[in-house]
Amino acid sequence: MNRVNRYLFSNFTSSFVSLFSVLFLIVSIVFFIRISRITAYIEINATELLKLYLFMLPRVLIFTGPIAFFVSLSISFFRLSKDNESTVIFTFGHSPVKISNFFLSVSFVFSIVSLFIGLVLMPYAENLRDNFTEYKKTQATLNLQASEFGQRMDEWLIYIEDDDKSSGNTLYKNLILYNPTKEDERVILAKEGEFKSESGIYVMSLKDGLIYTLKDEIHITKFSQMDIKSKESSQISGVNSILDYWSEIKTSSKARQNLSIYTLVALFPFATTLFALSFGIVTYRYEKGFIYVGIFTVILAYFAAIMLLGNMPFVAIPVIFGATFIISNIFYYYKILRKY
C-alpha cells in the first residue's frame with residue numbers, strides 16, 4: 001500500500017468507524033426492543049437477554065456494515081474534494097484508476113466477510129435464537145401481571161383482576177380467559193387460579209368458575225376444579241448444517257428470500273464502490289449537493305430490487321449485482337475517468 005492509498009484508506013476508515021458505530025447502536029436498540037417483547041409472557045434475566053442479543057448480532061452486522069461502507073466511502077472522498085485534496089492527488093499523477101482498483105479490492109474483502117456472516121453465521125444464529133425462545137417458553141415462569149390486558153398463554157388471552165404473592169406461590173384472583181377458534185368461542189371465568197410449568201408444559205389450575213361456549217347457542221358449564229394444559233412445543237430442533245438450511249430454498253419462500261437478501265446485501269459494498277467514488281469525487285463548487293441524492297437513490301433502487309426479485313434468488317443475485325456493477329462502471333467512466 002503506497003502513501004496515497006494509505007492516506008485515502010485512513011480517511012475512509014475514520015468515516016466508516018464513526019458511521020458504523022452510530023448505525024450499529026441504532027439497530028442494536030431496535031433489536032433490544034424486539035427482544036424485550038418476549039418478557040411480556042416469559043421471564044428472562046440479564047444474561048439470557050444478552051445471549052438473545054448475541055444470536056441476533058450477525059443480523060445487525062449484515063445490515064449495518066455494507067450500508068456504512070458505501071455511505072462512508074462516498075462521504076470520505078467528498079470531504080477530500082471539499083478541501084481540494086482529491087484534485088491535488090490527481091495532479092501529482094495518482095490516477096482515478098489506481099484509486100478505484102484499490103477500493104475495489106478493499107470492498108471485495110469486505111463483501112467476502114459479509115458473505116460469511118450472511119450465509120454461514122446467520123443460519124446457525126437464527127436456529128439458536130428460535131430454539132432458545134421456544135425453550136424459554138416451555139421452561140421459564142410465566143410473567144403474568146394483574147390488571148394488564150393483552151397477556152397470553154398458548155391460545156388463551158388472559159386478564160387477571162388481582163394476585164396474592166404472600167404464600168410464596170402466586171395465586172391469581174378473578175380470572176377471565178378467552179379463546180376464539182374457527183368452530184366456536186370460549187370464555188372462562190374463575191375465582192382463583194395458579195400457573196405452573198410441568199415438564200415443559202404450562203398448566204392452568206382454575207377453581208370455582210364457569211365456562212361459556214359460544215357457537216349457535218350459549219352453553220354454560222360450571223366447575224369447581226379444572227386444569228388446562230398448553231400444547232407441547234415441537235419447534236425446537238437441532239442446529240442444522242449449512243447445506244441443510246439452504247436446501248430449504250426448494251420448498252420455503254422464506255429461505256429463498258433470505259438467500260437473496262443476505263447475498264445481495266453482502267455484495268452491496270463491492271457492487272457500489274464505483275458509485276461511491278463517483279459521488280465523492282466532485283468539483284465542490286458545482287456538485288456539492290449531488291452526493292446525498294446519489295447515495296439515497298442507489299440504496300433505494302438496490303434494496304427495492306431485492307424486495308421485488310427476492311423470491312427468485314438465482315435470478316435476483318446475478319441480475320441485481322451484475323446490473324449494479326456494470327452501471328457503476330459506466331457511471332464512473334463518464335463522470336470521473338473522462339474528466340481526470
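Rule-based calculations on the coordinates, nothing more; no lab input. Bear in mind that the values here come from a model prediction, so they are computed numbers and not experimental data. Neighbour counts are summed over all protein chains in view; Cβ atoms, including those assigned to glycine, are modelled from backbone coordinates with ideal geometry.
Magnitude of the Cβ-charge dipole of region 155-229, K/R +1 and D/E -1, about the Cα centre, nearest 20 debye?
It comes to approximately 120 debye.
For region 274-340 and region 37-116, what is the separation of their Cα centres, given in Å?
So the separation of the two Cα centres works out to 16 Å.
For volume of the Cα convex hull per residue in Å³, pick the label among (i) 176; (ii) 148; (iii) 186 that corresponds to the value derived from the coordinates.
Label of the calculated value: (iii).
Between 19, 70, 4, whose Cα lies farthest towards the positive end of the dipole of region 1-71 when Lys and Arg beta carbons carry +1 and Asp and Glu beta carbons carry -1, centred on the Cα centre?
Working it through, the farthest residue towards the positive pole turns out to be 4.
Order these by the 10 Å Cβ neighbour count, fewest first: 69, 63.
63, 69
Based on DSSP H assignment, which helices of the chain show an axial Cα extent of at least 27 Å together with a mean Kyte-Doolittle hydropathy greater than or equal to -0.5?
Those that clear 27 Å and a mean of -0.5 are 3-36, 46-82, 96-116, 253-280, 290-309, 313-332.
Set the Förster radius R0 to 22 Å, insert the Cβ-Cβ distance between residue 292 and residue 90 as r into 1/(1 + (r/R0)^6), and round the FRET efficiency to 0.05.
0.40
For Cα pairs less than 8 Å apart in space and 6+ apart in sequence, what is the mean separation divided by the residue count of the chain, i.e. the relative contact order in percent?
Dividing the mean separation by the residue count of the chain yields 20 percent.
Below 8 Å, C-alpha to C-alpha, sequence gap of six or more: please give me the relative contact order for region 155-229 in percent.
Across region 155-229, relative contact order equals 22 percent.
Show that you can apply the helix-only estimate: for the chain, add -39,500 (n - 2.57) for every DSSP H stretch of four or more residues, divide by all residues, and state [θ] at 222 nm to the nearest 500.
Theoretical 222 nm ellipticity from helices: -19500 deg cm²/dmol.
What's the magnitude of the charge dipole for the chain around its Cα centre, counting Lys and Arg as +1 and Asp and Glu as -1 at the beta-carbon? Answer in Debye, nearest 20.
I would put it at about 2080 debye.
Can you compute the radius of gyration and Dmax for region 155-229, using only the Cα atoms, both in Å?
13.0, 43
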